[in-house]
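Notes follow once the structure below has been shown.
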Amino acid sequence: MSQTPWKLKLLFDGNCPFCTMEARWLQRRDKNNQLVFEDISQPDFDASRYGLTQTQVMGAMHGILPDGRIITKVEVFRQAYQMVGLGWLLAPTGWPLLRTLANWGYELFAHYRVPLGRLFGGQQCESGTCAIKTTTKK
C-alpha cells in the first residue's frame with residue numbers, strides 16, 4: 001500500500017451538529033495535516049469502500065488508518081487528539097475500566113447525536129461557511 005500524507009481519516013456525520021463542530025475543531029488544531037475528514041452523510045459516500053455498511057458508520061465514529069485498519073468509538077478521538085497535541089485530555093479513556101465506560105457513554109451519545117444537536121440549536125449550514133474540508137482519497 002502506498003504511503004498516505006495523512007495518519008488518520010475520520011468518517012464523520014455532516015448532518016450531526018456535534019460531529020461537524022468536533023471535526024472543525026480538530027481540523028483547526030491539526031497543524032501537521034495528519035487528519036483528513038470524510039462526510040458519511042454525502043450521497044456519494046460509499047461505506048463498502050472500507051468494508052463497512054452505512055448502518056455501521058452511522059452507528060459509531062470510525063477512523064481509517066493509512067494501512068486500512070479501522071478503529072472505532074472513543075479510540076478514534078484518542079488518536080485524533082494525540083495527533084493534534086491534546087492526547088492527555090483523553091488518555092484516561094484508554095484505561096481499562098474507563099475505556100469501557102467511555103465507549104458505553106459514547107454509544108449512548110452517538111445514538112441520540114442528531115436530535116440532541118437540534119435540541120441544542122445546531123443546524124445545517126447552507127452558506128458553506130461552516131463546511132470543513134473533506135477528502136475521499138484512499
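Points worth noting:
- Any helices (runs of 4 or more DSSP H) falling wholly within the range 11-99 and containing at least 2 residues that are closer than 17 Å to R113 by Cα and modelled with pLDDT under 95: 17-29, 54-59
- Of the listed requirements (1) at pLDDT below 85; (2) surrounded by 15 or more Cβ atoms within 10 Å (Cβ to Cβ), E126 misses just one: (2).
- Filtering the range 100-114 to residues that are over 18 Å from the mean Cα position of the chain (by Cα) and either at pLDDT below 90 or among the aliphatic types (A, V, I, L, M) (or both) leaves only L101.
- Every pair of residues 6+ apart whose Cβ atoms lie under 7 Å, when the first sits in the range 99-111 and is in contact (Cβ under 8 Å) with a residue 24 or more places away in the chain while the second is part of a helix (DSSP H, G or I): R99/T93; A102/V74; A102/T93; N103/V74; Y106/V74; A110/G59
- Selection within the range 22-39 - under 18 Å from P66 (Cα atoms), hydrophobic (A, V, I, L, M, F, W, C) and without any contact (Cβ under 8 Å) to a residue 60 or more places away in the chain: L35
The values are calculated or read from the model by the stated rules, or taken from the named source; none is laboratory data. Computed from a prediction, not measured in an experiment: that's the story for all the values here. Please note: Cβ atoms are built from the backbone with ideal geometry, for glycine as well, and neighbour counts cover all protein chains shown.
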